[in-house]
Structures are given as structure tokens and as C-alpha cells.
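Encoded as C-alpha cells, the structure appears first; notes follow it.
The values are calculated or read from the model by the stated rules, or taken from the named source; none is laboratory data. Given the structure is predicted, the values throughout are model-derived calculations rather than measurements. Here the Cβ positions follow ideal geometry from the backbone for every residue, glycine too, while neighbour counts run over all protein chains shown.
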Amino acid sequence: MDANGPKVKVAVVGVGHLGQHHARIYTELPGVELVAIADTSDMRRREVGGRLKVRSVADYRSLIGTVDAVSVAVPTGSHYPIALAFLQAVSDVLVEKPITQTVGEADLLIAAAAKGGRILQVGHSERYNGAVQALSARVHDPAFIEVHRMGPFPNRGTDVDVVLDLMIHDIDIILTLVKSPVTSVSAVGVPVVSGQVDIANARLEFASGCVANITASRVSGERLRKIRVFQRDTYFVLDYANQELNLFRKTAGDASSSKTRLTRIEVPVDRVEPLRQELADFLESVRLRRPPLVSGEAGREAVMVATQIIERL
């Protein structure tokens, strides 16, 4: 299967808050045919299927074995059985984050993908954020990381707590930046609106000596999505939402002053739609049979750390 060959036949299972955008983007990308969407909601099927002029079904099982690849964008608790069914039917799978609710389920998906020679990609879309990619290219030995990901209570189902809902994004990014084993985890969190923990703070310590402090909230009045990374002589401030990256670098004073100061430098960023980049990467992996940027193994590592945080809440 190559870019000049037959179109990749894809389906999207779950067309709610995020899945509808998977479906939309597939209709806009070259070399791909969105053959169907699946959702248990009659309203969602009619609305999204009608808007995109694509076949819709209530039961995803009717699509198994009929597509080359699938996006699984259902609630987290259903990720494992649906992704497994398609992997076993030799379809490539992009499963939204988190890969699964448990590490054990993630291991089984990874094994199924390996056995069938299938692509398994996890939807950590922040990896494709232009500012994150610029940051990743410049961070070399982080000593301290501080993250705030906060926003109002969402107008959608909250089947998991804020750690697996929101904090998982930053856990994944931190693991890619630090590249060192986690040695200690502490955390606090409380339920506010839902029956799950809605605001949490976690502290991760790494073998390298780096410490990460992460706050995630879905019950805040303001929207804030920022990460600060400190390393010797430099620190970075990244705004996820605006795809902006600034670095502050230690510089010597001029001839009239011996004082050291920090100079702010705006880093050039290629601003992109992260989800579009993610789906394009998935399709390229399908065509070229090469690993995606965010593998099943990477998704598993993020869930493993998230699980440790949840156990300490």
C-alpha cells in the first residue's frame, strides 16, 4: 500500500466530542476514504453522518474486517475491546488517549498488534503541537518541570478521573522530555463536580534528578495549558493552546555591569492542527508500514505512570 496506490479505507468508531473531528479530517486528507462511522447514539450518527455524507452504523462490529484502518474514539472503558477486535481482524488502529484504563489491557493490545503485524498508534495529539516539537528539539537535560492544564467542567461525559482525562497529555510529554525512569510518585486530588477526582496535583521524581510538578483541573474558571521546563542556564515557557514557545537564557551583563540576567527569546514555531498532523502520521504509518510517532508502548508508559498517580490520590 503506497501513497499512489489504492486509497486507505478507514472508519471512525465513536463520533462524539473528538471522534467527529477524526471523521472530518479523514474526509479532507488525500489518499484516504472514510467508508463509515459507528456510534451508539442515533443523534450523533445522523448529525455527523449527514454532515459528512458518509455511511453510519450503530454497531461497530459490522465494520470489522471491512477497513484497512480505524480510529477508536469511544469512552476510555471501551478502548480495549474495540481496538482488540479490529487488531485481530488485521486492521491498523489509532486509539485515542489513554490507550486503555489499565497497563494489563495495554499489554494485550501491544501483543495483538505485534502478532498481526499491525500499526497501533495512541492519540496523544499534543506530541504534534508545533510548540511541543520545537521544545523537544531544544530540551537536553531538564532539572525541573512545572505544568498547569486547567479548564471549566466539560460538556461531555467524564468516564475517568482528571488524571486519565487531562493529566495524561502532560505525563506523555514529560516522559519524552526527561527520558529517565520514574523513581517516586506522590499525588493529591479531590472530586468536586463528578464522582471522580476533578482536580489533582502530582509530583514525579526521576532517576536523572529531574522533578516534575503537574496540576490538572477540569473545574477551573479559566483555561490554562502551560508547561515550564528548567535546565542549566535556560528555561522554557510553552503555551499549548496558542502554540507559543519562549526561552529565557542566562546572559552576561554588558561592559558597564557585571550582573547576570535572563534574556527572553521567542522561538519560531510551525503552528499546525495537531489532530490533522496526528492522522496524517497514522496514515503514513499504514502506507509505509513504519512505526508511528506515538506507539502503543509509549501509550502504555503514560498509563503506567498515571496508574501510579491514581493509586496515591
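Among residues of region 80-103 that are on the phi > 0 side of the Ramachandran plot, those with a beta-carbon under 8 Å from a residue that is surrounded by fewer than 21 Cβ atoms within 10 Å (Cβ to Cβ) and in a helix (DSSP H, G or I) at least six positions away or on a different chain give the pairs V90/G116. When you look at E278, is it of a type outside the set (G, A, S), outside any strand (DSSP E or B), surrounded by 15 or more Cβ atoms within 10 Å (Cβ to Cβ) and in contact with a Ser or Thr (Cβ under 7 Å, 6 or more places away or on another chain), yes or no? So E278 fits the description; yes.
Among the residues of region 204-238, the ones that are surrounded by 14 or more Cβ atoms within 10 Å (Cβ to Cβ), farther than 22 Å from G130 by Cβ and more than 20 Å from the chain's Cα centre (by Cα) come to 7 in all.
Residue check: is G77 exposed (fewer than 14 other Cβ atoms within 10 Å of the Cβ), under 22 Å from the mean Cα position of the chain (by Cα) and not in a loop (DSSP other than H, G, I, E, B)? Considered against the rule, which asks whether it is exposed (fewer than 14 other Cβ atoms within 10 Å of the Cβ), under 22 Å from the mean Cα position of the chain (by Cα) and not in a loop (DSSP other than H, G, I, E, B), G77 comes out as yes.
Matching residues to (1) in a helix (DSSP H, G or I); (2) touching a Lys or Arg at 6+ places or on another chain (Cβ under 7 Å):
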| residue | (1), (2) |
| --- | --- |
| P98 | no, no |
| A106 | yes, yes |
| H169 | yes, yes |
| A187 | no, yes |
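Considering each residue of region 181-200, count those that are over 15 Å from T158 (Cα atoms), touching a Phe, Trp or Tyr at 6+ places or on another chain (Cβ under 9 Å) and surrounded by 14 or more Cβ atoms within 10 Å (Cβ to Cβ), and give that number. Matching residues across region 181-200 total 1.
Pick from region 43-74 the residues that are within 23 Å of the chain's Cα centre (by Cα) and part of a strand (DSSP E or B): which of them is farthest from V286 (Cα to Cα)? Going through the qualifying residues, I end up with V72. Taking the criterion of being free of Cβ contacts under 8 Å to residues at least 12 places away in the same chain, assigned by TED's automatic domain parsing to the domain that holds L177 and farther than 15 Å from I174 by Cβ, would at least one residue in region 126-144 satisfy it? Within region 126-144, one or more residues are free of Cβ contacts under 8 Å to residues at least 12 places away in the same chain, assigned by TED's automatic domain parsing to the domain that holds L177 and farther than 15 Å from I174 by Cβ. With the structure loaded, tell me whether V35 is closer than 18 Å to A69 by Cβ and without any contact (Cβ under 8 Å) to a residue 24 or more places away in the chain or whether it fails that test. So V35 does not fit the description; no.
Listed here are the residues, each with its yes/no results for (1) in contact with a helix residue (DSSP H, G or I) (Cβ under 8 Å, 6 or more places away or on another chain); (2) at pLDDT below 95; (3) basic (K, R).
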position: M1; (1), (2), (3): yes, yes, no
position: Y26; (1), (2), (3): yes, no, no
position: D39; (1), (2), (3): yes, no, no
position: G65; (1), (2), (3): no, no, no
position: V74; (1), (2), (3): yes, no, no
position: A85; (1), (2), (3): yes, no, no
position: L94; (1), (2), (3): yes, no, no
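If we scan region 19-40, do we find a residue that is farther than 25 Å from L108 by Cβ, outside any helix (DSSP H, G or I) and within 21 Å of the chain's Cα centre (by Cα)?
yes
If you go through region 109-125 and keep only what is touching a residue at least 24 places away in the same chain (Cβ under 8 Å) and either more than 20 Å from R287 (Cα to Cα) or part of a helix (DSSP H, G or I) (or both), you end up with L109, I110, A112, A113, G116, H124, S125.
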